[in-house]
Amino acid sequence: ARQFGIPVFLDRTRGILLNPFIEYIRSALKLVREDFSYRSVFHYLRSGLTGFDREDTDRLENYVLAYGIDRKRKWLSPFTAVPEEGAEELEGFNGLRRRLLEQLAPLMEKNKGTAGERIKMLYRFITENKVQEKLAVYERMFEEDNQLSRAREYGQIYKLVCFIYF
């Protein structure tokens, strides 16, 4: 249709499980459930809605691998191994560690009683990390790039998830 100059709109249904918001939620829950395993931490950090940029995540990953940081116990304590880049780089890694723990704080509360309480913890996690605002940024970006179906997806996903589950 494009070669003949005929405008076409194809409405495709994309699987909700492929949306970054769903992946963000799933990876955060997996991270807590798997006690901060190496794979779960970096899956979460790369989910697209954490606010960690790729370069910081890659540098942190190299540090974590080099010094054997795995499991919650090691993430809760300040990192002490000074990398080759020096003490300033170590402080940067500890800043990233603190940001991660702050984001996950609502999910790490000790009182994990009823299903309703767990749902409230998850909702707090989503709202305190301003996920709705982050999704709106993506929606505007896709609108500006004329990717209207992606923009609509990002505009609807928050309401779809939060009104169904919360």
Next on the checklist: Among the residues in the range 16-35, are any farther than 30 Å from Ala136 by Cα and polar (S, T, N, Q)?
Outcome noted: no
Filter the range 49-63 for residues that are farther than 16 Å from Leu104 by Cβ and touching a residue at least 12 places away in the same chain (Cβ under 8 Å); the one that is farthest from the chain's Cα centre (by Cα) is Tyr63
Query raised in the report: Got at least one residue in the range 147-161 being small (Gly, Ala, Ser) and either touching a strand residue (DSSP E or B) at 6+ places or on another chain (Cβ under 6 Å) or in contact (Cβ under 8 Å) with a residue 60 or more places away in the chain (or both)?
Result: yes
The residue that is nearest to Ala28 (Cα to Cα), considering only those in the range 54-81 that are of a type outside the set (Ser, Thr, Tyr) and open to solvent by 80 Å² or more (accessible area, probe 1.4 Å), is Arg71
_Could you go through the range 26-43 and let me know if any residue there is hydrophobic (A, V, I, L, M, F, W, C), open to solvent by 90 Å² or more (accessible area, probe 1.4 Å) and touching a residue at least 12 places away in the same chain (Cβ under 8 Å)._
no
Query raised in the report: Right, Ile16: surrounded by 12 or more Cβ atoms within 10 Å (Cβ to Cβ), at pLDDT 95 or above and aliphatic (A, V, I, L, M) or not?
Result: no
Screening Ala66, Ala28 for residues that are modelled with pLDDT of 95 or more, closer than 22 Å to Pro106 by Cα and assigned to a helix (DSSP H, G or I) leaves only Ala28
Restricting the range 96-154 to residues that are within 17 Å of Phe52 (Cβ to Cβ) and not in a helix (DSSP H, G or I), the one farthest from the chain's Cα centre (by Cα) turns out to be Lys130
Taking the range 155-166 and keeping only residues that are part of a helix (DSSP H, G or I), within 26 Å of Gly116 (Cβ to Cβ) and of a type outside the set (A, V, I, L, M), one is left with Gln156, Tyr158, Lys159, Cys162, Phe163, Tyr165
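The values are calculated or read from the model by the stated rules, or taken from the named source; none is laboratory data. Just so it is clear, the model here is predicted, and its values are computed rather than measured. Quick reminder, even Gly has a Cβ in these numbers, built from the backbone with ideal geometry, and neighbours come from all protein chains shown. All accessible areas refer to the heavy atoms of the entire protein, side chains included, with ligands and DNA or RNA removed. Shrake-Rupley method; radii C 1.70, N 1.55, O 1.52, S 1.80 Å.
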